[in-house]
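The values are calculated or read from the model by the stated rules, or taken from the named source; none is laboratory data. Predicted model only: the values in this text are computed from it and were never measured. Positions of Cβ are generated from backbone atoms using ideal geometry, with glycine treated the same way; all protein chains shown enter the neighbour counts.
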């Protein structure tokens, strides 16, 4: 049989997953139709914006996780969303938040190893508008997307 795991992983990371309605119904002791109706209403109302799989990142060669604190240059300080949208185009970036404190933004980067992360830093984080970064490497992921690993 054809191995399409990499393609499946990329699709699942971008939202090609569905809730397990039958399992939810059993857990809540409600009919599947009630669960389905409520989920559809939540999707229409914008409460649910997408679904994605909780992956074992080590097994898919994305086991090196780094949180990067970003300080913007003074000319970009007033519009951090613009830089965030530009950064969101990179598939290595899992999360982007505009934050308060001594930094303007925090991103979560997934890569295979330190060498791949270094290439990411050279190619992406050296862009105009980013004045300073601090990298915080994750030693062990314990919980992801509300799921304890």
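Figures for the structure shown
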item	result
Residue check, residue 95 under 28 Å from residue 11 (Cβ atoms), out of contact with any helix residue (DSSP H, G or I) (no Cβ under 7 Å at 6 or more places or on another chain) and modelled with pLDDT of 95 or more	yes
Tally of residues being within 30 Å of residue 89 (Cα to Cα) and in contact with a helix residue (DSSP H, G or I) (Cβ under 7 Å, 6 or more places away or on another chain) across segment 13-38	1
Cross-chain or 6+ apart pairs with Cβ under 6 Å, segment 2-14 first and touching a residue at least 40 places away in the same chain (Cβ under 8 Å) and on the phi > 0 side of the Ramachandran plot, then surrounded by 10 or more Cβ atoms within 10 Å (Cβ to Cβ) and assigned to a loop (DSSP other than H, G, I, E, B)	none
Options 60, 48: the member that is closer than 22 Å to residue 92 by Cβ, in contact with a helix residue (DSSP H, G or I) (Cβ under 7 Å, 6 or more places away or on another chain) and modelled with pLDDT under 95	60
Residues (closer than 10 Å to residue 67 by Cβ and touching a residue at least 40 places away in the same chain (Cβ under 8 Å)) located in segment 90-115	107, 108, 109
All positions within segment 138-148 that are exposed (fewer than 12 other Cβ atoms within 10 Å of the Cβ) and at negative phi	139, 140, 142, 143, 147, 148
Segment 117-134 - residue that is surrounded by 15 or more Cβ atoms within 10 Å (Cβ to Cβ) and farther than 14 Å from residue 62 by Cα and, of those, farthest from the chain's Cα centre (by Cα)	129
Spans of helices (runs of 4 or more DSSP H) in segment 1-110 with at least 2 residues surrounded by fewer than 14 Cβ atoms within 10 Å (Cβ to Cβ) and within 22 Å of the chain's Cα centre (by Cα)	5-13, 80-87
